[in-house]
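As structure tokens, the structure follows; a few thoughts come after it.
The values are calculated or read from the model by the stated rules, or taken from the named source; none is laboratory data. Bear in mind the structure is a predicted one, so any value in this text is a computation, not a measurement. Glycine also receives a Cβ, built like all others from the backbone with ideal geometry; neighbour counts cover every protein chain displayed. In case anyone asks, the SASA skips ligands and DNA or RNA and just uses the protein heavy atoms, side chains included. Shrake-Rupley method; radii C 1.70, N 1.55, O 1.52, S 1.80 Å.
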Amino acid sequence: MKLATLKDGSRDGKLVVVNDRLTYCTEADHIAPTLQAALDDWDQVAPKLKLLAESLSHEAVPMIRFHEHDALSPLPRAYQWADGSAYVNHVELVRKARGAKMPDSFWTDPLMYQGGSDTFLAPRDPIRMRDEAYGIDMEGEIAVVTGDVPMGISAEDAHDAIRLVMLVNDVSLRGLIPGELGKGFGFFQSKPSSAFSPVAVTPEVLGDAWKDGKLHLPLAVDLNGAPFGRANGAIDMTFDFGQLIAHAAKTRALSAGTVIGSGTVSNKLDGGPGKPLAEGGAGYSCIAELRMIETINNGEAKTPFLKFGDTVRIEMMDADGNSIFGAIEQTVEKV
């Protein structure tokens with residue numbers, strides 16, 4: 001089933017069930033007022049939501065048009081947002097860009113940071129920043145939402161804790177990252193609010209595309225209406241979502257509604273670091289990777305980070321060309 005949260009003037013919005021084509025939805029607040037409430041009591045609530053989704057597919061319940069502009073992020077705020085770096089190719093490239101050597105352990109132990117989860121941007125809300133000099137960058141990612149996860153769970157068992165899958169634009173401020181990480185205490189100012197896709201889906205909706213804790217489809221990232229990246233979510237994913245969840249839960253239990261990100265989706269090409277779409281590669285899900293490739297090939301980066309007025313679009317299509325999660329589409333605006 002597909003779930004969304006509509007704007008209703010409250011912080012947490014109203015839960016709705018959305019049809020497969022993302023054209024209509026039906027209110028679900030009589031079952032659970034919010035998505036977090038549904039996740040808190042998933043075993044009891046999910047079967048009722050599934051029945052409602054089936055009724056919606058047969059047009060047997062009241063329906064309203066579903067407009068992605070009316071949607072908040074599926075979880076407008078969450079108890080926890082932890083973002084991994086499952087695509088080690090991306091980690092290697094961005095560390096090179098700031099002159100940092102990558103330890104060998106990054107290939108065997110996931111990298112993860114805990115981001116701010118008190119406010120997520122709506123998928124069509126602007127990215128508001130004070131200064132372009134911050135080095136504003138998009139990061140196209142995949143994320144999962146978990147149920148309750150016990151401390152010390154195995155990577156294999158962690159797959160069963162995945163309740164929903166969605167997309168992310170994990171906004172990064174590249175100009176602030178080196179100084180902040182140089183203090184040795186992690187991200188904060190350099191990681192503002194993220195935005196999630198209008199719709200979150202249960203794994204079974206994805207069919208054969210969801211396998212082994214990975215999403216085997218290209219992630220479409222466009223910049224100002226032009227294709228920028230089409231990296232496949234399963235290719236070069238060093239750590240699957242089961243491993244990422246187990247890593248997060250090594251020393252703590254995770255509450256229902258925890259969001260775990262994949263990190264920037266990144267594909268290599270013929271053993272190399274990847275190429276732009278125009279050169280036969282899969283392109284990039286963030287600008288920082290392209291700038292690193294430009295530096296490797298030409299000695300300097302030429303592509304600027306996001307400017308005021310730039311628009312980013314992140315989406316994923318099924319095998320028939322239909323949007324699965326709806327689109328994150330955001331324009332950078334000056335505060």
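As a summary of the residue check, residue 259 satisfies the conditions (1) more than 17 Å from residue 221 (Cβ to Cβ); (2) at pLDDT 95 or above; (3) of a type outside the set (D, E, K, R); (4) in contact with a helix residue (DSSP H, G or I) (Cβ under 6 Å, 6 or more places away or on another chain) except for the one numbered (4). Screening residue 297 with (1) under 27 Å from residue 2 (Cα atoms); (2) open to solvent by 30 Å² or more (accessible area, probe 1.4 Å) gives one miss only, at (1).
Of all residues in segment 255-282, count the ones that are buried (at least 24 other Cβ atoms within 10 Å of the Cβ) and closer than 30 Å to residue 78 by Cβ.
Of the residues in that region, 11 qualify.
The residue that is least open to solvent (accessible area, probe 1.4 Å), among those in segment 105-132 that are basic (Lys, Arg) and in a loop (DSSP other than H, G, I, E, B), is 124. Picking from residues in segment 58-99 that are hydrophobic (A, V, I, L, M, F, W, C), open to solvent by 40 Å² or more (accessible area, probe 1.4 Å) and not in a loop (DSSP other than H, G, I, E, B), the one that is modelled with the highest pLDDT is 64.
Touching a strand residue (DSSP E or B) at 6+ places or on another chain (Cβ under 8 Å), farther than 30 Å from residue 3 by Cβ and either among the aliphatic types (A, V, I, L, M) or open to solvent by less than 70 Å² (accessible area, probe 1.4 Å) (or both): is that true of residue 288 in this structure? Outline the logic, then answer.
Working: touching a strand residue (DSSP E or B) at 6+ places or on another chain (Cβ under 8 Å): yes; farther than 30 Å from residue 3 by Cβ: yes; either among the aliphatic types (A, V, I, L, M) or open to solvent by less than 70 Å² (accessible area, probe 1.4 Å) (or both): yes.
So residue 288 fits the description; yes.
In segment 210-236, of all residues being under 14 Å from the mean Cα position of the chain (by Cα) and assigned to a strand (DSSP E or B), the one that is surrounded by the most Cβ atoms within 10 Å (Cβ to Cβ) corresponds to 221.
Only residues that are farther than 23 Å from residue 266 by Cβ, outside any strand (DSSP E or B) and in contact with a strand residue (DSSP E or B) (Cβ under 8 Å, 6 or more places away or on another chain) were counted in segment 133-155, giving 2.
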